[in-house]
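K.L.:
My questions will all concern the structure given below.
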Amino acid sequence: MACTPKISSKKNQGPSQCTTSVAQVPGIAWNCLPSADDIFGDDPNTVYVRMNVSSENKKGFDMISLQTVVEIKFSNVDKMPWLSWDTPAWECKTGSKLVDVKGSVCSDCYACGGRYIFGVVKNANEARFEQLADLESWKTAFINQLGNKYKNMRNKNNAYFRWHSSGDVQSVEHLKAINEIALALPDVKFWLPTKEIGMVKEYLESDVFADNLCVRISMFMVNQIPSKAMGLPTSTVIESENDFVPEHGNICHATTENSDHKCGDCRNCWDKSKSNVAYLKH
Ligand code: SF4
């Protein structure tokens, strides 16, 4: 009788997590779940399972390798201190509506053109987006793989992670998973810019954000005075330095003319005490 293997990524932990289906192993009829003694391997991405198999040509035991985790592909944003993780801008629930609103910060969206809509970057962002269909597996893989990146970092002072240099939160459950990733990796600082005010409000009705997760609400319109209604830090886009008013707080130096467009030592976006960060429109 065929069955879906439920396996652990570590030897001797016993079957625990459903990670593949019989359909993914052509020609093999799975006869039973593997016991802990039949699971081998130290690589968290692949385990080897000794299975009692039967096929047309083969009977008895065989070693089969199975991919056990979702592969997380991080992106590097040139100006940022560390890594990011992106999805396609056209999947933004609020942003994809704002694109058509004149004067909105999304009407000139950089992630709706150029390299974002072709080839490697487009394909990678779409593949990342698809991983969100199984939030639990995505979250587990994210914690493991970002945790490994952190462990292998030379300068741990640079562990500043930016969510969504392209894209945005998709659901309250997605937001919860992002918060759980921050809780699981307390030495990493996370910055999440978002326009999904409704999701954030619903989340905050029953939960709080981790200390190391700075959720910054992005204002919708260019030159908008930041709203403090949510009690969270905000970000704004201003047309020029002439449009700066004290409520805008700080102008991002990486967006000013003649800058090198890099964060350098600035970490304002991750700093919850910076009530607003203003980016110059470019
Ligand atoms: S405000 Fe500072 S941390 Fe944020 S993007 Fe600009 S330079 Fe980087």
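K.L.:
Hey, does the stretch 77-91 have a residue that's within 18 Å of the chain's Cα centre (by Cα), crowded, with 18+ Cβ neighbours inside 10 Å, assigned to a helix (DSSP H, G or I) and touching a residue at least 12 places away in the same chain (Cβ under 8 Å)?
P.N.:
Scanning the stretch 77-91 turns up at least one residue that is within 18 Å of the chain's Cα centre (by Cα), crowded, with 18+ Cβ neighbours inside 10 Å, assigned to a helix (DSSP H, G or I) and touching a residue at least 12 places away in the same chain (Cβ under 8 Å).
K.L.:
Further question: If you take the residues of the stretch 48-76 that are part of a strand (DSSP E or B) and at pLDDT 85 or above, which of them is nearest to residue 145 (Cα to Cα)? Spell out the reasoning first.
P.N.:
Just the residues of the stretch 48-76 that are part of a strand (DSSP E or B), to begin with: 48-54, 59-67, 75-76.
From the residues that got through so far, the ones that are at pLDDT 85 or above too are 75-76.
Numbers: 75: 13, 76: 15 Å.
By that ranking, first place goes to 75.
K.L.:
May I pose another question? Looking at the stretch 107-123, which of the residues that are in contact (Cβ under 8 Å) with a residue 40 or more places away in the chain and buried (at least 17 other Cβ atoms within 10 Å of the Cβ) is farthest from residue 280 (Cα to Cα)?
P.N.:
Step by step, filter the stretch 107-123, then rank; the result is 116.
K.L.:
I'd like to check something: does the stretch 151-164 contain any residue that is in contact with a Cys (Cβ under 8 Å, 6 or more places away or on another chain), under 24 Å from residue 116 (Cα atoms), not in a helix (DSSP H, G or I) and not hydroxyl-bearing (Ser, Thr, Tyr)?
P.N.:
Yes: the stretch 151-164 contains one or more residues that are in contact with a Cys (Cβ under 8 Å, 6 or more places away or on another chain), under 24 Å from residue 116 (Cα atoms), not in a helix (DSSP H, G or I) and not hydroxyl-bearing (Ser, Thr, Tyr).
K.L.:
Could you list all residues from the stretch 228-282 that are basic (Lys, Arg) and either within 13 Å of the ligand (Cβ to nearest atom) or within 23 Å of residue 210 (Cα to Cα) (or both)?
P.N.:
228, 262, 267, 272, 274
The values are calculated or read from the model by the stated rules, or taken from the named source; none is laboratory data. A quick note: this is a predicted structure, and the numbers were derived from the prediction, not measured. Using ideal geometry, Cβ is built from the backbone for each residue, glycine included, and neighbour counts are taken over all protein chains shown.
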